[in-house]
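Worksheet: the structure to be examined is printed underneath.
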Amino acid sequence: MSRYLREAYQDFEAYTPGEQPKDTQYVKLNTNESPFPPAPSVIRALNGTDLERLRLYPDPTGSRLKTKIGELYGVGPENVFLTNGSDDIINFAFMAFNDPGTEIAMPEISYSFYNVIAKLHAIKPLIIPLKDDMTIDPADYIGIGKNIVIPNPNAPTGLELGLDAIEAIVKSNPDNVVLIDEAYVDFGGTSSVPLTKKYDNLLVSQTFSKSRSFAGGRLGFAIADKGLIADLGKMQFSTNPYNVNNLTLILAEAAIDADEYYQANCRRIEAIREEAIRQLTARGFDVLPSKTNFVFAKHRTISGDDIYKGLKARGVLVRHFSDPKITDYCRITIGNEAQMQTLYDKLDELMSQA
């Protein structure tokens with residue numbers, strides 16, 4: 001830290017991404033990436049791209065991709081917002097809709113980036129505890145009269161709020177923006193996108209990183225009333241107007257065209273996930289029901305830290321959190337069948353020596 005950093009940021013705790021080791025010996029089950037490659041048509045689009053175009057700026061509106069996304073989700077291009085990863089949506093939304101010093105409501109156990117972005121913009125996080133079973137209680141948000149951000153399904157728990165609960169929250173806070181972060185919705189969840197046609201205060205964000213095997217491509221999108229979308233655009237064009245690069249726009253269009261391929265991968269991940277719950281339960285884990293591409297599990301006798309360290313020593317990475325409320329848990333990304341078998345084998349080794 002230099003002596004020039006603003007005083008407000010000197011004690012600032014930035015977000016800590018999951019481990020991205022350079023050593024390829026690890027089976028990576030820690031950052032919720034897809035275990036499957038992009039669609040063959042996306043690879044062909046990359047190989048067929050005229051890279052000379054990289055000397056030109058991309059379309060700052062992403063109009064072609066917005067149209068394709070709108071057609072897939074049943075909305076107009078004016079209802080679609082594109083960003084360099086869905087974290088940008090969170091950033092722009094917090095900038096656009098929250099005055100410094102005001103509160104934004106969020107679950108206590110959820111995506112820790114919300115808390116970081118709130119503090120970055122001098123917004124006060126109103127942290128609402130989960131119920132004892134790790135679920136979000138919609139009653140805590142109904143009529144709260146504050147802007148709200150909720151991941152649905154939640155991360156890292158993997159649990160989902162029903163659409164009726166989401167609608168009740170949105171309907172009861174008509175003068176506040178409700179951001180529903182659907183990064184994991186494609187793995188068995190129910191999207192709130194249809195509700196955006198009914199409520200002008202609902203903002204739904206999604207990402208290509210998980211279900212579309214595009215974490216390295218960096219593309220997020222939001223769907224909402226055109227007024228909210230215009231507000232986000234104002235924030236984007238005031239900071240980085242060429243937010244999504246040419247290659248990402250081209251490859252994302254090809255990914256939308258290959259939606260059947262990605263939906264089939266999601267169903268395969270769901271099947272592997274259900275088998276993982278059975279395998280982990282048989283090995284002494286308590287596993288929360290999941291609508292995501294990961295499971296949240298704690299062993300009945302071995303600590304979460306020992307599970308994490310023991311697996312890492314054996315070449316398997318999972319995610320462990322230091323928060324005392326969830327320190328007994330590990331979040332385990334659903335890999336392909338071979339990766340999951342390696343996980344089970346290494347768990348057996350670890351447990352036999354524990």
Quick one: how many residues across segment 113-138 are out of contact with any strand residue (DSSP E or B) (no Cβ under 9 Å at 6 or more places or on another chain), closer than 21 Å to Arg331 by Cβ and assigned to a loop (DSSP other than H, G, I, E, B)?
4
Against the definition (in contact with a helix residue (DSSP H, G or I) (Cβ under 6 Å, 6 or more places away or on another chain) and small (Gly, Ala, Ser)), how does Ala122 come out, yes or no?
no
Taking Glu52 as meeting all but one of (1) of a type outside the set (Phe, Trp, Tyr); (2) over 24 Å from Tyr261 (Cβ atoms); (3) buried (at least 22 other Cβ atoms within 10 Å of the Cβ), write down the number of the exception.
(3)
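Here is a yes/no grid of residues against (1) touching a Lys or Arg at 6+ places or on another chain (Cβ under 7 Å); (2) within 14 Å of Leu159 (Cα to Cα):
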site	(1), (2)
Thr292	no, yes
Asp306	no, no
Leu311	yes, no
His320	no, no
Pro324	no, no
Arg331	yes, yes
Ile334	yes, no
Cβ contacts < 9 Å: first residue assigned by TED's automatic domain parsing to the domain that holds Phe208, restricted to segment 262-278; second residue at pLDDT below 95 and in a helix (DSSP H, G or I), any location; separation 6+ or different chain. Result?
none
Failed condition for Thr281, given (1) hydroxyl-bearing (Ser, Thr, Tyr); (2) without any contact (Cβ under 8 Å) to a residue 60 or more places away in the chain; (3) within 30 Å of Val42 (Cα to Cα):
(3)
Could you say whether any residue in segment 93-106 is more than 17 Å from Met235 (Cβ to Cβ), surrounded by fewer than 18 Cβ atoms within 10 Å (Cβ to Cβ) and in the same structural domain as Ile229 (by TED's automatic domain parsing)?
yes
Checked segment 107-132 for anything of a type in the set (S, T, N, Q) and surrounded by 22 or more Cβ atoms within 10 Å (Cβ to Cβ); matches are Ser110
Picking from Pro153, Pro138, the residue that is under 21 Å from Val204 (Cβ atoms), in contact (Cβ under 8 Å) with a residue 40 or more places away in the chain and not assigned by TED's automatic domain parsing to the domain that holds Asp286 would be Pro153
So which of Lys197, Lys146 ends up being in contact (Cβ under 8 Å) with a residue 40 or more places away in the chain and surrounded by fewer than 17 Cβ atoms within 10 Å (Cβ to Cβ)?
Lys197
Cβ-Cβ below 8 Å, separation at least six or inter-chain, first residue in segment 335-354 and in contact (Cβ under 8 Å) with a residue 40 or more places away in the chain and over 17 Å from Arg278 (Cβ atoms), second among the basic types (Lys, Arg) and loosely packed, with under 12 Cβ neighbours inside 10 Å: which pairs?
none
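The values are calculated or read from the model by the stated rules, or taken from the named source; none is laboratory data. What you are looking at is a predicted structure, and each value in this text was computed from that prediction instead of being measured. Because the Cβ atoms are built from the backbone with ideal geometry, glycine has one as well, and the counts that use them run over all protein chains shown.
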